[in-house]
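Presented below is the structure to which this report refers.
The values are calculated or read from the model by the stated rules, or taken from the named source; none is laboratory data. Keep in mind that this is a model prediction, so the values were computed, not measured. A quick note on method: Cβ atoms are made from the backbone with ideal geometry, for glycine too, and the neighbour counts reach across all protein chains shown.
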Amino acid sequence: MGKTTTSRDWTQIYAIYGIDQWQTLLFLLFHALLFTILSILYLIYFDAMGAFFESLFSVTGVTLPGGAARFAAGFTGSVTAISAVCLFFAAANFFYSAVPLHHDMALRMVSAVSDWSTVKHALDLGCGRGILLNAVATQLKKEGSSGRVVGLDRNKTTTLKTLRTAKIEGVGEYVTCREGDVRSLPFGDNYFDVVVSGVFVHTVGKEYGKRTVEAAAERTRVVGEVVRVLKPGGVGVVWDLLHVPEYVRRLQELKMEDIRVSKRVTAFMVSSHIVSFRKPSQHIVGSGEVRLEWRC
Ligand SMILES: C[S@@+](CC[C@H](N)C(=O)[O-])C[C@H]1O[C@@H](n2cnc3c(N)ncnc32)[C@H](O)[C@@H]1O
């Protein structure tokens, strides 16, 4: 494991990067508050709710044992309160995953590459605002490397924001950004020493529906693209949600070496793993075709 920068205060990370998909956080918080208010109203007007359920039962003509209406009011009130707690928990987990955990995982990914001193070209796929990208750039800077990292994102506005965050982190000279689609990377074969990607690949192909064969095919295509642009001997490190076993299968099919999968980490309320691998120095591309490493 290589040495990396240490973890830092989440307020600093938030101040620089903000939060991706803040609408999701707002949605969760709004509903958590709504359910909290409903639970309090249930408590305050419990007798009135009991009477309401009683009148509801009598309208439907159902004859229930005494106290059933109060039980129904208590039950719905409890469900409302539990929903509020769950929604607050989901919002907290979302925030934690998007800010401090994201930063920690970026550092873990960087440390999955054993030797950064020889890295000249690194690539971050779906770089977003650059938490991972800047962690890589910071590592290159620490090594006094002449290496550079390219952040690829399909959104031009995002790439401009990313360049700003790189400047704030003091690694602007190590970072370039490029607009493009990860499904067809605008780079030649065997170019990068390291390719990384954080909480991104699972989003590819989601327009087909997350669990569809088409979406799986798109994600598989991305794994293929990562392998294609890696130099023989190069290292890939991907942190992603849900579909990591699928990537591992594809990497095995592509005959990658040293495939490692981290322990499960809960992020965004689902399971996530870091998978790292090395492209063999002699990579067999097609039947009978062997690409030799050009570096000596
Ligand atoms: C969740 S963010 C990634 C966060 C980033 N890895 C980090 O560490 O901060 C996902 C990013 O992927 C980009 N993206 C989505 N689909 C893409 C595609 N097909 N090709 C390239 N970038 C894409 C989005 O614009 C978004 O900025």
Looking only at residues in the stretch 175-200 that are surrounded by 21 or more Cβ atoms within 10 Å (Cβ to Cβ) and within 18 Å of TYR17 (Cα to Cα), which one is farthest from the ligand (Cβ to nearest atom)?
VAL175
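Checking the structure you have, find out if any residue of the stretch 47-55 is hydroxyl-bearing (Ser, Thr, Tyr), out of contact with any Ser or Thr (no Cβ under 8 Å at 6 or more places or on another chain), surrounded by fewer than 16 Cβ atoms within 10 Å (Cβ to Cβ) and under 30 Å from LYS141 (Cα atoms). Give the derivation first.
We begin by selecting, within the stretch 47-55, every residue hydroxyl-bearing (Ser, Thr, Tyr); these are 55.
Narrowing further to those that are out of contact with any Ser or Thr (no Cβ under 8 Å at 6 or more places or on another chain): 55.
Okay, now just the ones that are also surrounded by fewer than 16 Cβ atoms within 10 Å (Cβ to Cβ), so 55.
Among the residues that remain, those that are also under 30 Å from LYS141 (Cα atoms) are: none.
No, that holds for no residue.
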Going through (1) on the phi > 0 side of the Ramachandran plot; (2) out of contact with any Phe, Trp or Tyr (no Cβ under 9 Å at 6 or more places or on another chain); (3) modelled with pLDDT of 95 or more one by one, LEU107 fails only at (1)
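For (1) part of a helix (DSSP H, G or I); (2) surrounded by fewer than 21 Cβ atoms within 10 Å (Cβ to Cβ); (3) touching a residue at least 40 places away in the same chain (Cβ under 8 Å), each residue gets a yes or a no:
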site: ALA135; (1), (2), (3): yes, no, yes
site: LYS141; (1), (2), (3): yes, yes, no
site: SER146; (1), (2), (3): no, yes, no
site: LEU152; (1), (2), (3): no, no, no
site: THR159; (1), (2), (3): yes, no, no
site: THR162; (1), (2), (3): yes, no, no
site: GLY170; (1), (2), (3): no, yes, no
site: GLU173; (1), (2), (3): yes, yes, no
